[in-house]
Amino acid sequence: MTRICPLCGKSLKDDETFCGDCRQLANDQLFFNDEARPESQSEPILPPEEEEPTPSPEAEKDEPLPTSLTEEETEEKEDSDEEYLDTPPTKSNKKLYVCFSLLALLLAVAGFTGGMFWEREKSLGERKKAETAFWNLCAETNTQDVYVKYLEEYPQGLYAKNASDKMVELKTLAEQEAARLDSLAQVAANKALEEKALEESKKAEKIKTVSGNELTRVRSRINELAKLLSTYQYTKSRTLMNAKVDYLGQKDKTPMFVTEDLRNTINKNGIKTVTYTPQTASAKVTKDSSGAYAIDIAVSKKIVYKDRKKKQETVKFNLSIVLDKNLKLLAVDKK
């Protein structure tokens, strides 16, 4: 088979790849390109490969089918492949490599930053969720204490202003409620005073001064009671007392308590005798609507001690005595 030059189509010898004219042209072109290009950018330029002319169908019929390559052709093909593989990468390939490297780096940085941002947003969302749940609990309880706890836990929280406003609102309501209760208490106290004053006024209207035989009977009962106590006849004196007696500021005491207190006072002070002398003639006696008698009376108390070295004493004092309508002792107190 006749071999032809791939550039111009001329016939070649068995050991030629290009014809002499094409080979000379390629060397001249390479020389001029190396002279014009800077040394750092010089690259070998291979002559452009032209496609082999497509044989016509008639030629294909005439030409025999290609057989396997000869050893010389195989060596030439291997040398051509090695020459192509040894060709260094071009400048455009280096730029493309750098661009791909920068793009990969940017993608890695973006992925890392995005992951950190996602984790931060997730943590922030969980914190907001917990804060909202706690705030809902505080709003349901609605007391000063829970709002204080919220502000301690979330001083710059989403609902910090709401909590402060609620605390002010509750404080204002508490002050208003306290003022209202104080006002009600004051009104109740004033009403109680008015009722008491009215009651006393009504009693005063119904109280009358005792005179005549009624006054005589009251005086007689006071003298009788004083005589019994002076002679230590406590048992009999208790029959002249009511079942409950207000005795020297002590409410609802029994007659036994009254007489035993008198007895203990005598024994404790070493008294031999004590004589009570009520000034009934000058006593003021009044009677209320219930029939009770109120007596303001001066009393003289003479004391003789068992110890002869002690001088006898006479003590004077005023008593306020109350007798019921049956002339039994209801109350006795010093004025």
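The values are calculated or read from the model by the stated rules, or taken from the named source; none is laboratory data. The structure presented is a predicted model; accordingly, all values stated were derived computationally and were not measured. Cβ: placed from backbone, ideal geometry, glycine included. Neighbour counts: every protein chain shown. Remember, those area values only see protein heavy atoms, side chains included, never the ligands or the DNA or RNA. Shrake-Rupley method; radii C 1.70, N 1.55, O 1.52, S 1.80 Å.
For this structure, a couple of remarks:
- For segment 213-335, taking the reciprocal of the average inverse distance between every pair of different Cα atoms yields a Kirkwood hydrodynamic radius of 15.0 Å.
- Area accessible to solvent at residue 137, 1.4 Å probe radius, in Å²: 90
- Accessible area per residue was computed with a 1.4 Å probe on protein heavy atoms; residue 100 scores about 130 Å².
- The fraction of accessible area contributed by carbon and sulfur in segment 185-305 is 51 percent, rounded to a whole number (1.4 Å probe; ligands and nucleic acids excluded).
- Gain in span if fully extended, residue 234 to residue 252, counting 0.36 nm per residue against the direct Cα distance: 4.6 nm
- Between the amide H of residue 5 and those of 10, 11, 12, distances stay under 5 Å, these residues lying 5 or more places away or on another chain, with hydrogens modeled in the peptide plane.
- Whole-Hz couplings from phi, Karplus 6.51/-1.76/1.60, listed for segment 134-146; x for Gly and Pro: 5, 5, 4, 5, 4, 5, 5, 6, 6, 10, 4, 4, 5
- Extension gain for residue 104-residue 145 works out to 9.1 nm (0.36 nm per residue, less the C-alpha to C-alpha distance).
- Taking all protein chains together, 194, 121, 16 sort by accessible area into 194, 121, 16, largest first [probe 1.4 Å].
- To the nearest 10, the accessible area of residue 256 is 90 Å² with a 1.4 Å probe.
- Computed FRET value (nearest 0.05) for residue 308 with residue 288, which takes r as the C-beta separation and R₀ as 45 Å: 0.40
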